[in-house]
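Read-outs: derived from the displayed coordinates by stated rules, not from any lab. The shown structure was predicted, so the numbers you read here are calculated from the model rather than taken from an experiment. Here the Cβ positions follow ideal geometry from the backbone for every residue, glycine too, while neighbour counts run over all protein chains shown.
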Amino acid sequence: MEIIRRYSLAYASPPRPPCRALAALLASHMRHISASRETRNGMATQPASIEALLGVPVGKQASRLALAYSIEDGLPVTALDRLADTVAPDDARFKFRLIPKATLERRRKSPSKRLTSEEGDRLARLAKVFSFALDIYKAPEKAREFLTRPHPMLDSKPPLDVALATGPGADLVINLLGRAAYGGGA
């Protein structure tokens, strides 16, 4: 409102109000920034942000690059466990799709118990896709259903497989989710 007031004072004609689609997009983006989404009945909060899905602490004073710095320094192995339990709670072997079993065992035995930046980047990519799916579908079960069901716009591959394969694949899944959210025909 302050910007509109300043603009109105500076120019004779008032500015056009922003379109509803833009307002909805901005509101959606702000939900991604928040660390959690509370339920109405006071039950536990549902992680919504990438940081929350990975268990990366982000306070009010944290830099916008906190996640990037955490990935560079090496996410803890527990970030993989946390994300795998959220994305595929019924699949005990899902984490091995992200990091090979032998590599994961080595990481767990290492003194630092940290992932490499490449492994952390892969986890963040999946967390970003799942966070966006949660924002669109509102329920983890529905988000999981979308991610595991073959999709015709992805050559009948499940979006989860496409997102795990490459960064551009994850971007394509996010684009597909955005089209579904904003009526672009998905």
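Key figures
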{"item": "Range of Cα positions in the range 134-175 per principal axis (Å), largest first", "result": "25, 18, 14"}
{"item": "Label point 7 Å beyond Cα of D91 along Cβ direction - residues of the range 99-131 with amide nitrogen under 20 Å", "result": "99-105, 119-131"}
{"item": "Dipole of the range 57-186, positive direction: furthest Cα of T78, P140, T166, with charges on the beta-carbon", "result": "T78"}
{"item": "Cα point-scatterer Debye curve for the range 46-181, base-10 log of I(q)/I(0) at q = 0.22 Å⁻¹", "result": "-1.42"}
